[in-house]
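Novice: One structure coming up, written as structure tokens, with questions to follow.
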Amino acid sequence: MLAPYALRTEDSRGRRHPEPAHAYRDAFQRDRDRVIHCRAFRRLENKTQVFTRRLSDHFRNRLTHTIEVAQISRTIAAELGLNVDLVETLALVHDIGHPPFGHAGEKALDAAMRTHGKSFDHNLHALRIVEYFEQRYAAFRGLNLTFEVREGIIKHSRDYSAQEYPHLTEYLLDQRPPLEAQLIDLTDEIAYNTADLDDGLESGILTLKQVADGVPVFARFYREAEKQYPQAIEKLKFNEALKRMLDRLAGDLIANTRARVADAGVKSVEDVRRAPARLAAFSDAVEKERRECKQFLYDNLYYSPDLKRDKEQSETIIREMFDHWMAHPEKLPASHRELVGTSSLPRVVCDYIAGMTDTFILEQHRQAFGKTAFSAER
């Protein structure tokens, strides 16, 4: 049973190119399947989340992170009575626009574009992927996803103004996105805050004492795990604490969102859209815990000396390859050279790089400069 404020599939605004209904899948189920089967989704397997493969190949990558976000999102959506198929689709597509090398790659690509008076935004690039770059169907270009999925790609993590982004006005920029889209940025935070603590400890960059001293909510749950499982090894106690921390974040998001919806008197999707603020949110207490954990990760993991070299090398590779293709557009693939007439050269080069996996751009860099990056030395 869907809640009154859930977005029902039959109320979808439809696709840009009308298609006949499928015999046994609804519109959002078809969108989910189209995302899973597209090339950009497969590429996530070889895109960095936090750790490059220099340290290990068993840490999260963009694909495994995406799967974890989808699992958390489905669970929370079902408990709130939301459209689980739409939520799952938005979770699976939410990172599809990220370039190689994680946030370091995104930072470098945006910096390169700004030298030409432009910018890079992974949400906007994700929309370009599903609207233009994916070519799987004879009847239309792109994946022809429903309006609600395309809207969620744009609006799940931030608001865009119609004045600054006039080309996005069809996506109801003066309104809030449905709750199904509002969840995704928060479930993304739940997934990566807990996963990055896990991978950070496994990597040896973080110690158990550091995490316990720096993340109070984790420390509380670790003490509980010690009391309940005194004979267990430290890593299993760590796992127990992390599991409880994840459950606290997810449970609070469910309870607080439900309370905010009730307090706002929301009875429909239109009420959600007209609300003065987003309704999906953590409580004040848990939001404080989330911020503390995130700040700890920035201070101790993301900008740690152990990862500094990888970030610097990533940014150098992005910058050098961007400049290389700007100076030698004839070396771009024919499919991208053909786009220079309809898009600016910087945008074409940016799109080409953004679609690459870590391994592909490393090989392109080796061919262009004869260098081997990311050695196994630590």
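The values are calculated or read from the model by the stated rules, or taken from the named source; none is laboratory data. Just so we're clear, the structure is a prediction, and the values are computed from it rather than from any experiment. Virtual Cβ from ideal backbone geometry, glycine too; neighbours counted across all protein chains shown.
Novice: Just one of (1) without any contact (Cβ under 8 Å) to a residue 60 or more places away in the chain; (2) farther than 25 Å from Asn83 by Cα; (3) crowded, with 17+ Cβ neighbours inside 10 Å trips up Leu301, so point out which.
Specialist: (1)
Novice: Look at the stretch 93-129 and say how many of its residues are without any contact (Cβ under 8 Å) to a residue 12 or more places away in the chain and either β-branched (Val, Ile, Thr) or in the same structural domain as Trp325 (by TED's automatic domain parsing) (or both).
Specialist: 1
Novice: Within the stretch 258-279, track down each residue that is closer than 12 Å to Leu80 by Cβ and surrounded by 13 or more Cβ atoms within 10 Å (Cβ to Cβ).
Specialist: Result: Arg258, Ala259, Arg260, Val261, Val266, Val272, Leu279.
Novice: In contact with a strand residue (DSSP E or B) (Cβ under 9 Å, 6 or more places away or on another chain) and aromatic (Phe, Trp, Tyr): is that true of Phe51 in this structure?
Specialist: Taking the combined requirement at face value, the residue satisfies it.
Novice: Among the residues that make up the stretch 186-200, is at least one of them surrounded by 14 or more Cβ atoms within 10 Å (Cβ to Cβ), charged (D, E, K, R) and free of Cβ contacts under 8 Å to residues at least 24 places away in the same chain? Steps first, answer last, please.
Specialist: Initial filter on the stretch 186-200 (surrounded by 14 or more Cβ atoms within 10 Å (Cβ to Cβ)): 186-200.
Going one step further and asking which of them are charged (D, E, K, R), we end up with 188-189, 196, 198-199.
Those still in the list that are free of Cβ contacts under 8 Å to residues at least 24 places away in the same chain too: none.
No, there is no match, as no residue in the stretch 186-200 is surrounded by 14 or more Cβ atoms within 10 Å (Cβ to Cβ), charged (D, E, K, R) and free of Cβ contacts under 8 Å to residues at least 24 places away in the same chain.
Novice: Checking the condition of a type in the set (A, V, I, L, M), free of Cβ contacts under 8 Å to residues at least 12 places away in the same chain and either in a helix (DSSP H, G or I) or assigned by TED's automatic domain parsing to the domain that holds Leu82 (or both), which residue from Ala250, Ala241, Ala232 passes?
Specialist: From the options Ala250, Ala241, Ala232, the qualifying one is Ala232.
Novice: Sticking with this one: Looking only at the stretch 78-92, which residues are among the small types (Gly, Ala, Ser), part of a helix (DSSP H, G or I) and either farther than 9 Å from Thr187 by Cβ or free of Cβ contacts under 8 Å to residues at least 60 places away in the same chain (or both)?
Specialist: Listed by number, the list holds a single entry, Ala78.
Novice: Additional query: Suppose the filter is modelled with pLDDT of 95 or more, of a type in the set (A, V, I, L, M), surrounded by fewer than 18 Cβ atoms within 10 Å (Cβ to Cβ) and on the phi < 0 side of the Ramachandran plot; does Leu208 pass it?
Specialist: Taking the combined requirement at face value, the residue satisfies it.
Novice: Something else: Can you say whether Arg347 is surrounded by fewer than 18 Cβ atoms within 10 Å (Cβ to Cβ), within 23 Å of Lys47 (Cβ to Cβ) and free of Cβ contacts under 8 Å to residues at least 12 places away in the same chain, as far as the supplied structure shows?
Specialist: no
Novice: Let me ask another. For the stretch 287-295, indicate whether the set of residues that are free of Cβ contacts under 8 Å to residues at least 40 places away in the same chain, farther than 30 Å from Phe101 by Cα and surrounded by fewer than 20 Cβ atoms within 10 Å (Cβ to Cβ) is non-empty.
Specialist: No, the stretch 287-295 contains no residue that is free of Cβ contacts under 8 Å to residues at least 40 places away in the same chain, farther than 30 Å from Phe101 by Cα and surrounded by fewer than 20 Cβ atoms within 10 Å (Cβ to Cβ).
Novice: Which of (1) modelled with pLDDT of 95 or more; (2) buried (at least 22 other Cβ atoms within 10 Å of the Cβ) is the odd one out, the single condition Thr52 does not satisfy?
Specialist: (1)
Novice: Moving on. Any chance the stretch 30-43 includes a residue that's modelled with pLDDT of 95 or more, within 19 Å of the chain's Cα centre (by Cα), assigned to a loop (DSSP other than H, G, I, E, B) and more than 26 Å from Leu179 (Cβ to Cβ)?
Specialist: Looking through the stretch 30-43, at least one residue is modelled with pLDDT of 95 or more, within 19 Å of the chain's Cα centre (by Cα), assigned to a loop (DSSP other than H, G, I, E, B) and more than 26 Å from Leu179 (Cβ to Cβ).
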